[in-house]
Amino acid sequence: MLDLEGTLSVLHPILQVKIGVFKEIIKGIYSISSGGVTMKNISRWTGEGCSYRSIQRFFASPHDWLAMNLLLLRTVILGIPDSNRYVLAVDEVVEKKSGKWTWGVNWFYSSIAGCPIRSVSNHVISLLDTQKEHSFVLTHQQTTKESSPPQRTKKKRKKKQSKKGKAKSNGQKKNSQKKKGGRPKGSKNKQNIKQQGLLYEGFEALLKLVVPLLLVICPDLKYVIGDGAYGNKTCCLIAREVSLELISKLNRNTGLYLPYQGEYSGRGRPRKYGDKLDYQKLPEQYLVSTHIEKGIQTDVYQVAGVWTKTMPYLINVVIIIKTILESGKRARVVLFSTDLTLNAEQIIKLYALRFQIEFNFRDAKQYFGLADFKNIKQQQVQNAVGLAFFMDNISLILIEQAKQIWKEDHISIQDLKAYYRAEKYLEAILNTLEIDPQPILNHHQFDPIRTIGAINRAKAAA
């Protein structure tokens, strides 16, 4: 049998409810076969000692999900950690909500819908294992803002000036004093100033909350990964403030400039920007690899140490160009890192690993209630989201247990759900027959019953 209670026992010092109640809630979520993962539906699948009122109290109580996840990570997953294999990933998840009273519901941009929708938005930070290639969610922070529907802006038409008006304006320009070159005295260097925005605030808050605690168990943590929304000056400055290097993506048309190699003229500020890279004619000296597969040619270029006019320091850029040989059509992706020592293969691998956090979002929505919860109060909403991501982490641990116990290489969340649902039915049947289930449930004769509805357990069923 899977040892869920033993796994949860490490949380006893910080858990606000009894271990038995928390275990029944988790088993109830796994057992749900239809309907959403709501408090009412969870109570239909829980056993003795976990009533609907107990579940309400659980969602109304404050829980430190970051501490719970870190304790679970340190004692169950890491053991003696090899911190070089871990990196951080940050992303935002937006889930549509039609109600008016849910805490934090507002108009947020959804990449799936392609427009702002009425929804709740959460910034999520997770720890990525570069060897096993999975994501362990650490915590989340809900994005809140003042309620206001998106406004459509109309383009203003430029008024045509008459010839006399143009002549007057030209005359005024000539008579006005010429602006002196350079930055005015007392002004600040704008490249070192962080911009304001909900995305930046959430990114900064999560890093400053998690990194100091995480460095205790992963002292060599070095990288944080984000998608193209985080590929800007402000996120680079925030990452550097917590001693991390950022790996992200630039706009495909971002201007890249080689450092100026010429001699100093002796006057003014030394020249910073050299030749601009032409994406259509990249120099062969920067070509790292090229291969052809299924009629598509993939060329990888790397330029370690280039300027962009939006970044405050040199960045390490990897340009991936794919060409359809038959039609000649081309597509381009521009990745970058603030660490100039990484090679192209490492940058591509780490950025591709970022997608593991998207699987956390998918599972939390599909199986664990991120898309289903009907809570409206602030504490309840925080716990509903936190529990959904905590279930992702518990599933990761139980899947590793199941692979060893069931002797299967591939176990999914559907297999866990089938196991706990069958165990629920088996316990109910034995109780109906007035047979004590405790000494019998461990018997191997009941293992085929627990495989009913499973996907990857054909060997046990046979």
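The values are calculated or read from the model by the stated rules, or taken from the named source; none is laboratory data. Here the structure is a predicted model, which means the values were calculated and not measured. Cβ atoms come from the backbone with ideal geometry, glycine included; neighbour counts cover every protein chain shown. The protein model used for the area step is the full one, side chains on, heavy atoms only, and it has no ligands, DNA or RNA in it. Shrake-Rupley method; radii C 1.70, N 1.55, O 1.52, S 1.80 Å.
If R0 is 30 Å, what FRET efficiency do you get for ASP278 and ILE324 from their C-beta distance, rounded to 0.05?
Details: r = 21 Å, r/R0 = 0.69.
So, using R0 = 30 Å, E works out to roughly 0.90.
Can you pick out the pairs among LYS27/LYS249; LYS249/LYS272; LYS40/LYS100; LYS194/LYS281; LYS132/LYS365; LYS190/LYS272 whose Cα atoms lie more than 28 Å from each other?
Numbers: LYS27/LYS249 40 Å; LYS249/LYS272 23 Å; LYS40/LYS100 20 Å; LYS194/LYS281 34 Å; LYS132/LYS365 23 Å; LYS190/LYS272 16 Å.
From LYS27/LYS249; LYS249/LYS272; LYS40/LYS100; LYS194/LYS281; LYS132/LYS365; LYS190/LYS272, over 28 Å: LYS27/LYS249; LYS194/LYS281.
What does the accessible area per residue of segment 1-142 come to in Å², with a 1.4 Å probe and no ligands, DNA or RNA counted? Spell out each step's value before the answer.
Working: 6270 Å² over 142 residues.
Solvent-accessible surface per residue comes out at 44 Å².
Between ILE14 and THR341, what length comes free when the chain is fully extended (0.36 nm per residue of separation minus the Cα-Cα distance, one decimal in nm)?
113.6 nm
So if I take the centroid of the Cα atoms in segment 1-72 and the same for segment 212-235, what is the distance between those two points in Å?
With segment 1-72 and segment 212-235 each reduced to a Cα centre, they are spaced 31 Å.
Roll a 1.4 angstrom probe over the protein heavy atoms and tell me the percent of accessible area of segment 284-390 that is carbon or sulfur. Could the numbers behind the result be given before it?
On the way: 2690 of 5090 Å².
Of all accessible area on segment 284-390, carbon and sulfur atoms account for 53 percent.
Work out how much length LEU314 to LYS96 would gain on full extension: take 0.36 nm times their residue separation and subtract the Cα-Cα distance, in nm to one decimal. Intermediate values should be presented prior to the final figure.
Working: separation 218, 0.36 × 218 = 78.48 nm, distance 3.92 nm.
Separation in residues times 0.36 nm, less the Cα-Cα distance, equals 74.6 nm.
If the chain between GLN414 and ALA352 were fully stretched, how many nm would it gain, using 0.36 nm times the residue separation less the Cα-Cα distance?
Details: separation 62, 0.36 × 62 = 22.32 nm, distance 2.52 nm.
Net length gain for the segment: 19.8 nm.
Please give me the summed charge of the neighbours of VAL105: other residues whose Cβ is under 9 Å from its Cβ, Lys and Arg +1, Asp and Glu -1.
Working: positive: LYS97, LYS100, ARG118; negative: none.
Local net charge: +3.
Carbon and sulfur: what percent of segment 16-80's accessible surface (1.4 Å probe)? Working shown, then result.
Numbers: 1450 of 2880 Å².
Heavy-atom surface of segment 16-80 belonging to carbon and sulfur, 1.4 Å probe: 50 percent.
Using the heavy atoms of the protein chains alone and a 1.4 angstrom probe, what is the accessible area of segment 313-444 per residue in square angstrom? List each step's numbers first, then the result.
On the way: 6230 Å² over 132 residues.
Dividing the accessible area of segment 313-444 by its residue count gives 47 Å².
Pop a pseudo-label 7 angstrom from the Cα along the beta-carbon direction at both LYS374 and THR144 and give the gap in nm to one decimal.
Modelled inter-label distance: 2.4 nm.
Near LYS145, which aspartates and glutamates are there with a Cα under 14 Å away, not counting those fewer than 8 places off in the same chain?
GLU201
Along the charge dipole of segment 185-295, Cβ charges K/R +1 and D/E -1, which of ILE193, ASN253, LEU207 sits furthest on the positive end?
Farthest towards the positive end: ILE193.
Return the FRET efficiency for the residue pair SER265, ALA60: r is the Cβ-Cβ distance, R0 is 45 Å, and the value is rounded to the nearest 0.05. All intermediate terms of the calculation are to be shown ahead of the outcome.
On the way: r = 70 Å, r/R0 = 1.54.
In this case the efficiency is close to 0.05.
Enumerate the calculated ³J(HN,Hα) couplings along segment 14-24 in order (Karplus 6.51 cos²θ - 1.76 cosθ + 1.60, θ = phi - 60°), each rounded to whole Hz, writing x wherever the residue is Gly or Pro.
Per residue, the Karplus-derived 3J(HN,Hα) values read 10, 6, 7, 10, 5, 4, x, 5, 5, 4, 5 Hz.
Apply 1/(1 + (r/R0)^6) to the Cβ-Cβ distance of LEU287 and SER51, taking R0 = 60 Å, and write down the FRET efficiency to the nearest 0.05.
Numbers: r = 66 Å, r/R0 = 1.10.
Once rounded, the FRET efficiency stands at 0.35.
According to the square roots a ≥ b ≥ c of the eigenvalues of the Cα gyration tensor, what is the shape class of segment 184-328, taking rounded for a/c under 1.5, prolate for a/b larger than b/c otherwise, and oblate for the remainder? Write down the numbers at each step before the final one.
Details: a/c = 2.15, a/b = 1.20, b/c = 1.79.
Judged from the Cα gyration tensor, segment 184-328 comes out oblate (a/c at least 1.5, b/c at or above a/b).
What residues have an amide H closer than 5 Å to that of TYR223, excluding those fewer than 5 places away on the same chain, when H is modeled at 1.01 Å from N in the peptide plane?
LEU88, GLU245
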